[in-house]
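Note sheet for the following structure.
The values are calculated or read from the model by the stated rules, or taken from the named source; none is laboratory data. As the structure is a prediction and not an experimental result, all values here were calculated from the model. All Cβ positions, glycine included, derive from the backbone under ideal geometry; neighbour counts span all protein chains shown.
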Amino acid sequence: MSEQATTPGQGPDHGDIPDPAPGLEESVRELGRAGKETAQSAQHTLRSLRRLASADFALARSAFGRALAWSGVAIVFGASAWLLLAATLIALLQALGLSWFLALLITSIVSLAGTGLAAWRGSYFFHHTGMHATRRQLSRLGLFDEPTEHDPDAEVDVTGASR
């Protein structure tokens, strides 16, 4: 044996005694503490998810109301005021020497353009009713598998391999 031989219980460099393995009772306590922390973390996650869903529902409700309002505006202007404006425009085009056919065609094209604008604005607000933030978080939790183009995690499948 050499001069630096160590006795059992002493480290070769510092002479410190290693900690004994924890007993069964201490391991059970640590396991219980870890379980409680896990449960608290899950509770916090669910609370945050509930708040997110609530905020997303509020956004969807507001966006749906705005979309309905814009749809109502489109209907009101498309149905009532446009009849008078179309008649006036047709009379003006007739006075300028255009045929009835051209006067009605020009008025119809302007009407379709206004309808397209109102439909575009309505679809913009209807997009917010999709609850995208909640769906994205539920997907990250593994509850829904709806990969999106904008989600950086969508390129990784369950096994972690890139697609």
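If you check Ser41, Ser2 for being exposed (fewer than 12 other Cβ atoms within 10 Å of the Cβ), at pLDDT below 85, of a type in the set (Ser, Thr, Tyr) and out of contact with any His (no Cβ under 7 Å at 6 or more places or on another chain), only one passes: Ser2.
Screening Gln10 with (1) more than 31 Å from the chain's Cα centre (by Cα); (2) surrounded by fewer than 11 Cβ atoms within 10 Å (Cβ to Cβ); (3) modelled with pLDDT under 90 gives one miss only, at (2). Taking Ala86, is it among the aliphatic types (A, V, I, L, M), closer than 30 Å to Gly65 by Cα, under 27 Å from the mean Cα position of the chain (by Cα) and modelled with pLDDT under 90? No. Of the residues Ala113, Ala133, Ala161, the single one that is of a type in the set (A, V, I, L, M, F, W, C), at pLDDT below 90 and within 27 Å of Leu68 (Cβ to Cβ) is Ala133.
Checked against the criterion of being surrounded by 12 or more Cβ atoms within 10 Å (Cβ to Cβ) and under 30 Å from Ser139 (Cα atoms), the stretch 68-84 has at least one qualifying residue. Starting from residues that are part of a helix (DSSP H, G or I) and of a type in the set (S, T, N, Q), keep the ones in the stretch 89-116 and report whichever is farthest from the chain's Cα centre (by Cα). Looking at residues that are part of a helix (DSSP H, G or I) and of a type in the set (S, T, N, Q), I get Gln94. Would you confirm whether or not the stretch 29-49 contains a residue that is in a helix (DSSP H, G or I) and closer than 30 Å to Ser123 by Cβ? Within the stretch 29-49 (the criterion being in a helix (DSSP H, G or I) and closer than 30 Å to Ser123 by Cβ), the answer is yes, since at least one residue qualifies.
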